[in-house]
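The values are calculated or read from the model by the stated rules, or taken from the named source; none is laboratory data. Fair warning: this is a prediction, and the values are worked out from it, not measured in the lab. Glycine also receives a Cβ, built like all others from the backbone with ideal geometry; neighbour counts cover every protein chain displayed. The protein model used for the area step is the full one, side chains on, heavy atoms only, and it has no ligands, DNA or RNA in it. Shrake-Rupley method; radii C 1.70, N 1.55, O 1.52, S 1.80 Å.
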Amino acid sequence: MKMGRDIQSVVRLANGHTLLGSRHGIIELDRDNRKTADPVYGLGGFFRLLRVTKDGHFLYTSGPTTVREIKRDGTEVRGIDLTKLTPESRKPYFAEELQDGSVLVSTGYGATVLILDRDWKLIRSFGGKGNVNGVKTHFFGDAQRLENGNIVVAHWTGHGRKDSGKAPQAIEFGKRGNVVWTWHDPKRAGTLHGIEAIE
């Protein structure tokens, strides 16, 4: 299994083990960094961030518009083509199971964050491609649901050095989908794809 610089996601488990994920597969290391089981292969060419569900399943972006949930042996539990929920979805960034069992999904170039129910039916969407409450949206990366129910998202606007000047780098959406706060300071930071709100 090719790893090295291809690792895109690292997850620390409650037992102290570590999951390393890349487009080539997922391996689990124990506390002494020894491999604990055979790697899981066949993740698809668009792997981004790995998340683990309450059932211990792997949840991740797989195809150019797809999210998958698999068991640790690689058996697929379910998958979804995000274009069925929002047509602009392309290169989704992550999917994560929330405390209440719903699933938070970032659609990447769809510039939308989705909340799905336990059956992966759409409950609500935040953002949208184009112009949202005066913000020109491009690509939604990492996102987080806050304690008050709002969604804060990392807004990536391109690879270039000056791309961070194009639009806010962080956006917070209210529960009704309205923009309640943005952060834009291209002198202090470049364009963002990860974010962590500390409450």
- How high is the relative contact order of the range 88-196, in percent, counting Cα pairs under 8 Å that sit 6 or more residues apart? 19 percent
- Note on the structure: Karplus ³J(HN,Hα) for the range 76-82 (6.51 cos²θ - 1.76 cosθ + 1.60, θ = phi - 60°; Hz, whole; x = Gly/Pro) runs 6, 8, 5, x, 8, 8, 5
- Given K166/K187; K91/K187; K129/K166; K162/K187, which pairs have Cα atoms separated by over 19 Å? K91/K187
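Can I get the semi-axes of the range 135-199's equivalent ellipsoid? Compute them from the C-alpha gyration tensor as square roots of 5 times the eigenvalues, in angstrom, largest first. Intermediate results must be reported in sequence, preceding the final value.
Numbers: eigenvalues 85, 27, 18 Å².
That gives 21, 12, 10 Å for the three semi-axes.
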- Message: To the nearest 20 Debye, how big is the dipole of the range 41-199 about its Cα centre, given +1 on the beta carbon of each Lys and Arg and -1 on that of each Asp and Glu?
- Response: 540 debye
- The alpha-carbon pair-distance distribution computed for the range 43-96, with 10 angstrom bins and whole-percent values, is 28, 56, 15, 1
- Note on the structure: For R12 and N178, extending 7 Å from Cα along the Cα-Cβ vector and measuring point to point gives, in nm, a value of 3.9 nm
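What full-extension length gain, to one decimal in nm, is calculated for N131 and Q99 as 0.36 nm per residue of separation minus the Cα-Cα distance?
8.4 nm
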- Task: State, in angstrom, two size descriptors of the range 1-88 derived from its alpha carbons: Rg to one decimal place and Dmax to the nearest whole number.
- Result: 13.1, 45
- Query: Ordered by residue, what ³J(HN,Hα) values in Hz, to whole numbers, does the range 97-104 give under the Karplus form 6.51 cos²θ - 1.76 cosθ + 1.60, where θ = phi - 60° and Gly and Pro are x?
  - Reply: 6, 8, 4, 8, x, 6, 10, 9
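Just need the relative contact order of the chain here, percent rounded to a whole number, with Cα pairs under 8 Å and 6+ apart. Walk me through the numbers before you get to the answer.
Details: 492 pairs, mean separation 20.1, N = 199.
Computed value for the chain: 10 percent relative contact order.
Give the ranking of L116, L13 by solvent-accessible surface, highest area first, calculated with a 1.4 Å probe. It would help to have the intermediate numbers written out before the result.
Working: L116 0, L13 30 Å².
Output order, biggest surface exposure first: L13, L116.
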- Query: Taking trypsin sites (Lys or Arg not before Pro) as exposed when DSSP calls them loop (any state but H, G, I, E, B) and at most 12 other Cβ atoms lie within 10 Å, what is the longest stretch of the chain free of them, the sites themselves excluded?
  - Reply: 55-117
- Message: How large a share of the accessible area of the chain, in percent, is made up of carbon and sulfur atoms when the probe is 1.4 Å and the other protein chains stay in place?
- Response: 45 percent
- Under 5 Å between amide H atoms, partner at least 5 residues away or on a different chain: which partners does I195 have, H built in plane at 1.01 Å? D142
- Query: What list of ³J(HN,Hα) values in whole Hz, one per residue of the range 163-169 in order, does the Karplus curve 6.51 cos²θ - 1.76 cosθ + 1.60 (θ = phi - 60°) give from phi, with Gly and Pro shown as x?
  - Reply: 5, 5, x, 6, 6, x, 8
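Could you work out the equivalent-ellipsoid semi-axes for the chain, taking the square root of 5 times each eigenvalue of the Cα gyration tensor, largest first, in whole Å? Working shown, then result.
Values: eigenvalues 162, 72, 50 Å².
Whole-Å semi-axes of the equivalent ellipsoid: 28, 19, 16.
Express the accessible area of the chain per residue in Å², computed with a 1.4 Å probe while the remaining protein chains stay in the model. Kindly include the intermediate steps, with their values, before the conclusion.
Numbers: 10580 Å² over 199 residues.
Accessible area per residue: 53 Å².
Expressed as a rounded percentage, what relative contact order does the range 1-102 have, with Cα pairs under 8 Å and six or more residues apart? If you can, show how the numbers build up before the last one.
Working: 211 pairs, mean separation 18.5, N = 102.
18 percent.
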- Message: Could you put H193, H57, H159 in order of accessible surface area, largest first, with the 1.4 Å probe and the full protein assembly present?
- Response: H159, H193, H57
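Efficiency by 1/(1 + (r/R0)^6): what FRET value for T53 and K187, r their Cβ-Cβ distance, R0 = 35 Å, to the nearest 0.05?
Working: r = 40 Å, r/R0 = 1.13.
Efficiency at R0 = 35 Å is approximately 0.30.
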- Message: About the Cα centre, and with charges only on the beta carbon of Lys, Arg (+1) and Asp, Glu (-1), how big is the dipole of the range 31-90? Nearest 20 debye, please.
- Response: 200 debye
- Provide the convex hull volume over Cα atoms per residue for the range 92-171, in Å³. 88 Å³
